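The values are calculated or read from the model by the stated rules, or taken from the named source; none is laboratory data. Bear in mind the structure is a predicted one, so any value in this text is a computation, not a measurement. Don't worry about glycine lacking a Cβ; one is built from the backbone with ideal geometry, like all the others, and counts go over all protein chains shown.
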Amino acid sequence: MSDNTRPTTESAAQNPPPRKRGRKFLRVTIVTIVSIVSVVVIALATTTTINAIATASEANEIRKYGRLVDVDGKKINVDIQGAGAQTIVLLPGFGTGSPVIDFAPLVDKLKANYRTVVVEPFGYGLSDETDRPRTNANIAREVHSALQALHIDRYVLGGHSIAGIYGLQYVNTYRDEVTAFVGIDTSVPTQPGIDEELNVAGLRTLKTLGLVRVLTALGDDPYTGLPYTDAQKYQSKIISLRNGFTDTYADEMERFGSNFHDAQKLAFPKDLPLLLFVQSDNIDVEGWMTLHTEQVASVERSELIPLDADHYLHHTKSAEIASAMNAFLTAG
């Protein structure tokens, strides 16, 4: 073999044998993975720490409102506005951080003619948490107990979203007290999607790691252009961060399927006046308008009013809702 056919020391260094190249690639890969994992661990440790500190700090910034009443040895927060002859009780949609703040635009339109009562169930707003199962029956009983503590025993019951499920339980249990039901894009027991699996544990982990706070900060302001003050927006934000994915919140979320199925055994009493405001172009739930049309057709006196707005109709259509409520309630 001639000398020029033998690899030189320099060429051998530049082109190591396959086994050496494999070991080098493996080392680089391991170092890269370890580096990435280290960055992720440090980032999560940072967000977790920041979240814990911020949560503790924000707890001192929450401003009290409404009044606390005793229910089952704990406190439910209730806010009462106005002094009309008729009383309207409002229940929130699922996961609403502060129902009192959320309903503020509608309450502002109603309180001139009605006594309005916003109930914050356990786990919502300024109310305590509870370890009682978040079943339809328990939620209805707790709301009723709060009203009884305030000597409120004759009223229109209204609510948003999942209040349509809890409301069905309520009006069938306490029919003698409820004079009408008003739904604001309320859930219907037979709507599709109620059996979908929800990764509640994963969502709770995201909160613990501070990632819910990060996503909230990066997301669009949900109150842009809406009739809320800066103070209301901030309070709603910090209360939502505090209440989201707690034990009470998680239990209610995990019972969606069973609560909807239980409600399928119920219907609005035929003699109970029923007024439903419905999102006119809901493309997320198949047959949304039809489901509500069937509900109003099942009672003797009813009305369905479609509104061109998103699911939180009372954020942008509070004037229209208050006016239509007044017309419906005074006509009865």
Please work out which one of (1) farther than 17 Å from residue 263 by Cβ; (2) part of a helix (DSSP H, G or I); (3) among the charged types (D, E, K, R) is the condition residue 131 fails and give its number.
(2)
The range 167-191 residues that are in the same structural domain as residue 309 (by TED's automatic domain parsing), paired with ones that are of a type in the set (Lys, Arg) and at pLDDT 95 or above (beta carbon under 8 Å, 6 or more apart)
173/141; 177/154; 179/154
Working carefully through the options 112, 180, 137, find the one that is outside any helix (DSSP H, G or I) and either within 30 Å of residue 285 (Cα to Cα) or in contact with a helix residue (DSSP H, G or I) (Cβ under 7 Å, 6 or more places away or on another chain) (or both).
180
Residues of the range 58-99 being surrounded by 16 or more Cβ atoms within 10 Å (Cβ to Cβ), over 23 Å from residue 136 (Cβ atoms) and of a type in the set (A, V, I, L, M), which ones?
68, 80
Does residue 302 meet the test of being among the polar types (S, T, N, Q), more than 25 Å from residue 101 (Cα to Cα) and in contact (Cβ under 8 Å) with a residue 24 or more places away in the chain?
yes
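Each row is one residue, and each column tells you yes or no for (1) more than 22 Å from the chain's Cα centre (by Cα); (2) loosely packed, with under 15 Cβ neighbours inside 10 Å; (3) over 14 Å from residue 187 (Cα atoms); (4) not assigned by TED's automatic domain parsing to the domain that holds residue 109.
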| position | (1), (2), (3), (4) |
| --- | --- |
| 276 | no, no, no, no |
| 294 | yes, yes, no, no |
| 299 | yes, no, yes, no |
| 324 | yes, no, yes, no |
